Every structure is written in C-alpha cells, then in structure tokens.
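Data first, discussion second: the structure below is written as structure tokens.
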Amino acid sequence: VIYFENPFQNFKMGDVFRIIEVKDNGSFTFERMTEFIIGQTTNEVLESVAGDFKYHGPTRQVSIYGLPIHLSNMEWKLLEVLITMRAVPLSNHTLLGKIWGPEYINDTGYLRVWVSRLRQKIGHTHIKTIAGYGYRFFLDP
C-alpha cells in the first residue's frame, strides 16, 4: 500500500486551479489561480471578434451590438466572476460560494435562474453549460 501526501490539503472547496504542464508519465504541475474578490472592479475591457459583445470592467458597462445593457447587481456579479475566471469551467458550487456565500453552495436551481436571466440579456452564446458541473464564459463561441 502506498500513501500519497494530499497536495490539496491547504486549499478549500471552491479554489480554482490551472494546469501548467502535463508530463509524459501523466503527472502534472498546477497552480491555484488568484482569488477573485466580489465587488473588486476588474480592469478588463473585452470585445468579441464578431463585435456583438463588449464588456468594460472599469465602468461596469456591457453592450450588445453597441446597445447598452442594464444588469442588476446580481447579474453583474455573476458576469464579472464568469469573465474574470473564463480560463476554466466553474462549478456550480464555486459560483454559488463566490457570489452568494457558502450557505448557498447547494442551491443550483437558484444559480440556474440567474444564469437564465443573464443569458436573456447578453444572449445564449457566451455562457456555456458544462453538463453536470457548471458554467464557462466564452468571449468568442
């Protein structure tokens, strides 16, 4: 019997990791992505190649085909987390924990409602559902 030291012992549920290198023997090197703090304005300015979606973090503005879109605070928080962490799929638990707090991590129905509302405003092409897991934001689907 071989026992391995738990490499994740210093991390908590909801942490997001990025694989840096996959070696020939199947092992990998990873790093924890920087913690995203809700309410911390992102300085990103993004525009899709098709020009249908524009996100301006510093001024909290979103537009679709040049038309400004009004987002509620909750819709903005959800979009902000999805955009900031767009490099990886985010689990339902991670999204619920980061936006609403740890007491909501099992309320996936609640998350579905807010994702649906956000999709109605920005379109369905940018937020993809990862079946049985969560969501991921794509600037250019």
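Under the classification rounded if a/c is under 1.5, otherwise prolate if a/b is larger than b/c and oblate if not, where does the range 50-141 fall, given a ≥ b ≥ c as square roots of the Cα gyration tensor eigenvalues?
On the way: a/c = 1.89, a/b = 1.55, b/c = 1.22.
Verdict is prolate for the range 50-141.
R0 = 22 Å: FRET efficiency of residue 117 with residue 47, Cβ-based, nearest 0.05?
Values: r = 23 Å, r/R0 = 1.04.
Step by step, r from the Cβ atoms, then E = 0.45.
I'd like the FRET efficiency for residue 103 and residue 74, computed as 1/(1 + (r/R0)^6) with the beta carbon distance as r and R0 of 22 Å, rounded to 0.05. Mind showing how you got there, number by number?
Details: r = 16 Å, r/R0 = 0.72.
Computed FRET efficiency for residue 103 and residue 74: 0.90.
For the range 80-95, what does the Karplus curve 6.51 cos²θ - 1.76 cosθ + 1.60, with θ = phi - 60°, yield as ³J(HN,Hα) per residue in whole Hz, taken in order and with x for Gly and Pro?
Working through the residues one at a time gives 4, 5, 4, 6, 5, 9, 5, 5, 9, x, 10, 5, 4, 4, 5, 4 Hz.
For the range 45-85, just say rounded, prolate or oblate: build the C-alpha gyration tensor, square-root its eigenvalues into a ≥ b ≥ c, call rounded for a/c under 1.5, and beyond that prolate if a/b exceeds b/c, oblate if not. Write out the running numbers ahead of the final one.
Working: a/c = 1.96, a/b = 1.35, b/c = 1.45.
Here the range 45-85 falls in the oblate category.
Values quoted throughout were computed directly from the atomic coordinates according to the rules given, and no laboratory measurement underlies them. Computed from a predicted structure; not experimentally measured. Methodologically, a virtual Cβ is constructed for each residue, glycine included, from the backbone with ideal geometry; neighbour enumeration extends over all protein chains shown.
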